[in-house]
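Report on one structure; see the data block that follows.
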Amino acid sequence: MDNPIKINSVTKPGQSLFKEKGSKHLGFIFPVANEHNAKQKLEEIKNLHPKANHHCFSYIIANGNQPFERYSDDGEPSGSAGLPIFNQLKKAELQNSLAIVVRYFGGTKLGVGGLINAYRTATELAIENAEIVSKIPTTQLKIIVSFDNISSVNQIINQNRIAIINEEYTNNYAIFVEVEYHLITWLNSLFENLPDIKIEEI
């Protein structure tokens, strides 16, 4: 098997407050598993701060594969908010992470340079206040099998000490497992000789 690559991930969210000329910049950093998770967390922050003038953000999603990266200025001048937030995520070498900076305008314009500094600093402070670890990325898989193959599948799972998260009984039997991302090909090979097996990444 290939040697797994570790990534830096947030294990405990961080927050910050940076003030500049009356404007308040609230920084947040969260762990996220996928883009849907990131969008949900962004909506939560928007709901907590509905009167804020801007909700700028950036996230990087990766599980040992090509990262999916996005950032938004949310109405601020182009390049003055989302990109500085993104650059702090890159500087900290963070993946599977979402950074949000909420701005309450204080009445005095900061200019592009001032905005860049404010969004960068709020993000940097939030990261400093978070707990970050370097770990091997994992993913969750759904293994769908016929009832005739339950015992064979469970035997393979037990022999290889694969972590079972949940089980589901519907028209078929489904097992939800978690494995290190780089082991997906190996896991598929374990079941290749069994009929009627379907493996989906959640």
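Ordering Val101, Val10 from the fewest to the most neighbouring beta carbons within 10 Å gives Val10, Val101.
Do the alpha carbons of any pairs in Lys41/Lys90; Lys21/Lys51; Lys19/Lys91; Lys90/Lys198 sit beyond 30 Å of each other, and which pairs?
Table pairs above 30 Å Cα-Cα are Lys90/Lys198.
Between the amide H of Arg70 and those of Tyr59, distances stay under 5 Å, these residues lying 5 or more places away or on another chain, with hydrogens modeled in the peptide plane. At what distance in angstrom do the alpha carbon centres of the stretch 22-52 and the stretch 117-144 lie from each other? Rounded to whole Å, the Cα centres lie 14 Å apart.
Calculated FRET efficiency, Asn160 and Glu131, Cβ-Cβ r, R0 35 Å, to nearest 0.05? Approximately 0.70, to the nearest 0.05.
Among the chymotrypsin sites (Phe, Trp or Tyr not before Pro) found in the stretch 32-78, not one is both in a DSSP coil and sparsely packed, with 11 or fewer other Cβ atoms within 10 Å of its Cβ. With a cap of 11 neighbouring Cβ atoms within 10 Å, and only residues DSSP puts in a loop, list the GluC sites (Glu not before Pro) found in the stretch 139-202. For GluC sites (Glu not before Pro) across the stretch 139-202 that sit outside H, G, I, E and B with at most 11 neighbouring Cβ atoms in 10 Å, the list reads Glu192. Charges were assigned to the Cβ only: +1 to each Lys and Arg, -1 to each Asp and Glu. The resulting dipole of the stretch 7-135 about its Cα centre is roughly 260 debye. Taking loop as defined by DSSP and a crowding limit of 16 other beta carbons within 10 Å, which trypsin sites (Lys or Arg not before Pro) in the stretch 47-146 fit? Here the sparse-neighbourhood loop sites are Lys51, Lys109. Test of understanding: in a Gaussian network model of the chain with alpha carbons linked when under 10 Å, which of Ala126, Ala52, Ala118 would top the mean-square fluctuation ranking? The residue that fluctuates most here is Ala52.
Every read-out reported here was derived from the displayed coordinates using simple, explicitly stated rules and does not represent laboratory data. Just so we're clear, the structure is a prediction, and the values are computed from it rather than from any experiment. Positions of Cβ are generated from backbone atoms using ideal geometry, with glycine treated the same way; all protein chains shown enter the neighbour counts.
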